[in-house]
Amino acid sequence: MPDKKRSFFKHLLIWRAKYISQRQFIYILSILVGFTSGVGAVILKNLTHFYQHLLEGNLVQYYHQAFYFVFPIIGLALVYLVSTYIIRHKVSHGIPSTLFAIAKHKGIMRKYQMFGSILTAPLTVGFGGSVGLEGPTVATGSAISSNISRMFHMNQANRNLLIGCAAAGALSSIFKAPIAAIVFAIEVFSLDLTIASMLPLLLASLSAILTSYFFFGSDVLLPFKIEDSFEIGDVPFFMILGLFSGLTSIYFTETYERIQKVFDKIGSPVKRLLFGGIALGVLVYLVPPLYGEGFDVINNLLKGHPEEVLKNNIFSLDLTNIWIIIMLLAGLVIFKIIASALTFGAGGVGGIFAPTLFMGSIMGNCTAKIINNIGLFSTKVSESNFTLVGMAGLMAGVLHAPLTAIFLIAEVTGGYELFIPLMITATLSFAITKFVHPHSVYNMELGRKGDLITHDKDHAVLTLMDMKKVLEDNFIKLYPEMSLGEMVHQAVVKSNRNIFPVVKKETGALLGIILLDDIRPIMFNQEMYKEVFVRDIMHVPPDIIDTKKDKMTDIMRKFQDSGAWNLPVIENGKYIGFVSKSKLLTAYRRELINITK
């Protein structure tokens, strides 16, 4: 930063500290963050639509449908080139990368993340990648929010709050659903719902939706009004929908995880690009509705026009047969997550929010069609209502966000007539999926490693703690061949600690420990100085902390189980220091104060 700018910024910070309280400044920043999230959503959406209009509107329309095969590969290749030569960093998936920054980097996100998704996500989706833009929008807003927070020297708690504001702003802008956006930030980012956090979230959500109205007018992503009212007799059918939603959510999560594991085994990013790109191109060519986000498909189903979705099927099947329609729609549910996972595995940038809505809407529509045509029930159910509630069911299961699902569909439809069926379906789907998969697709990897921030305050504090900050390395090392005399003169006399690690001289591997109490009876007996050696006195420590394997929750448990006050720490098999219970508890109290401030 040039000197003049640095001086101006310094004076700005001093002026702010004098005249604007911290709370007021958070409110101002939350409005700014909401606005930037809204602008980010506008840029991402317009760029994507530009690419789609350019390609799908002109080339495919006037040339050949075979371009559906070529476009995804071209888009993924462009993403690879942009990431490698322009951004020069790998652009991670939106919401998981933000959750990782909160959990492991204290809410600090790097500068390239502010524009990385803007450059790569429209290329991915615009060229036919079967993913959504919601995740990249959240990631963009969160990265901008994080860097604004750092610029104004916000602490970790306020950084995390403003990242939550960015997430709320992103969703509010995209769906024009400000309440659902706030619930999303609280539910997915595990923010505490307090008076201190509520007003910034409200301001960010409001700022973002006003930005969206300014650029997009009254256009909404899912324009639909409820026409069929809910009847109490529909409850069993919505319970069936909840069951199907839970099973589909499990299928979604399992398929996504397994395909990602396949790609993880492919070392070269170019090989991943070729394998994933070709597989995706074939899939999109055979099943054109998988191209892009898929909101046109959802809207056609809501309007009761499934034939518009399926008219390009390669088998030229008779769409007047309802069971053929059901079969083709079920095929879209099965193949959508495969297409999405292939897009991610090949290096595409996007989110899973849109694929979840896509699959949920079709699954709900299929369920309604089966109920209405199977001949077992005398009453008919509303296909449009089931399409909407199906989206909520899959969101609740896949994203582990039942409240977000309920409020989003309620707000998108402009009312709460479907609130009861939304609650029934979302609750059942969430419960079934949670039983099989404890963590959502967003936080599956973090949850497995124990790095996930949750509403459990103790666990959240332990997750945010950095073990390197409680590590002490001012212990004098002993070697097994040292005599008692050498130990006394070279270690005991010079050390102010009462514990000594014994390590192998050649490798630095920890062999054991010696306590001052172990040698107290003989340390003044000079006759034994050459008779007794370190290897004769050392013993195995009560437990050992491994930096590569143990999280803070594991370390706390080891202290509790062993009853020790100090435990040695190793890294890659080598001794690096000790952690003391007293320092650990002090750090815990300090982090608890920071997180609840």
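The values are calculated or read from the model by the stated rules, or taken from the named source; none is laboratory data. Everything quoted here is computed from the prediction, not taken from an experiment. Don't worry about glycine lacking a Cβ; one is built from the backbone with ideal geometry, like all the others, and counts go over all protein chains shown. Only protein heavy atoms, including side chains, enter the accessible area calculation; ligands, DNA and RNA are left aside. Shrake-Rupley method; radii C 1.70, N 1.55, O 1.52, S 1.80 Å.
Key figures
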quantity: Of all residues in the stretch 290-309 being on the phi > 0 side of the Ramachandran plot and under 28 Å from the mean Cα position of the chain (by Cα), the one that is surrounded by the fewest Cβ atoms within 10 Å (Cβ to Cβ); calculated: GLY294
quantity: Filter pass, SER145 being in contact with a Cys (Cβ under 8 Å, 6 or more places away or on another chain), at pLDDT 85 or above and open to solvent by less than 10 Å² (accessible area, probe 1.4 Å); calculated: yes
quantity: Meets criteria (open to solvent by 10 Å² or more (accessible area, probe 1.4 Å) and not hydroxyl-bearing (Ser, Thr, Tyr)) for ILE95; calculated: no
quantity: Scope the stretch 541-555; condition at pLDDT 90 or above and either in a loop (DSSP other than H, G, I, E, B) or of a type in the set (Gly, Ala, Ser) (or both); matching residues; calculated: PRO541, PRO542, ASP543, ILE544
quantity: Single residue of ILE314, ILE352 found to be within 17 Å of the chain's Cα centre (by Cα) and on the phi < 0 side of the Ramachandran plot; calculated: ILE352
quantity: Count - residues of the stretch 310-333 that are modelled with pLDDT of 80 or more and either surrounded by 13 or more Cβ atoms within 10 Å (Cβ to Cβ) or assigned to a helix (DSSP H, G or I) (or both); calculated: 13
quantity: Residues (surrounded by 16 or more Cβ atoms within 10 Å (Cβ to Cβ) and either of a type in the set (Ser, Thr, Tyr) or under 24 Å from LEU418 (Cα atoms) (or both)) located in the stretch 252-268; calculated: THR253, THR255, TYR256
quantity: Counted residues, the stretch 175-213 - those being free of Cβ contacts under 8 Å to residues at least 60 places away in the same chain, assigned to a helix (DSSP H, G or I) and surrounded by fewer than 21 Cβ atoms within 10 Å (Cβ to Cβ); calculated: 4
quantity: Filter pass, TYR588 being closer than 30 Å to ILE195 by Cα and of a type in the set (Phe, Trp, Tyr); calculated: yes
quantity: Residue satisfying all of: in the stretch 424-438; surrounded by 20 or more Cβ atoms within 10 Å (Cβ to Cβ) and of a type outside the set (Ser, Thr, Tyr); nearest to LEU247 (Cα to Cα) among these; calculated: ILE432
quantity: Qualifying residue in the stretch 565-573 (condition: free of Cβ contacts under 8 Å to residues at least 40 places away in the same chain and hydrophobic (A, V, I, L, M, F, W, C)); calculated: yes
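The rows are residues; the columns are (1) free of Cβ contacts under 8 Å to residues at least 24 places away in the same chain; (2) assigned to a loop (DSSP other than H, G, I, E, B); (3) of a type outside the set (Asp, Glu); (4) open to solvent by 10 Å² or more (accessible area, probe 1.4 Å).
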{"site": "GLY347", "(1), (2), (3), (4)": "no, yes, yes, yes"}
{"site": "THR356", "(1), (2), (3), (4)": "no, no, yes, no"}
{"site": "MET359", "(1), (2), (3), (4)": "no, no, yes, no"}
{"site": "ILE362", "(1), (2), (3), (4)": "no, no, yes, no"}
{"site": "ASN365", "(1), (2), (3), (4)": "no, no, yes, no"}
{"site": "LEU376", "(1), (2), (3), (4)": "yes, yes, yes, yes"}
{"site": "LYS380", "(1), (2), (3), (4)": "yes, yes, yes, yes"}
{"site": "ASN385", "(1), (2), (3), (4)": "no, no, yes, no"}
{"site": "GLY390", "(1), (2), (3), (4)": "no, no, yes, no"}
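Quick grid of which residues meet (1) surrounded by fewer than 19 Cβ atoms within 10 Å (Cβ to Cβ); (2) modelled with pLDDT of 80 or more:
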residue	(1), (2)
PHE50	yes, yes
HIS53	yes, yes
GLN61	yes, no
LEU76	no, yes
LEU81	yes, yes
ILE86	yes, yes
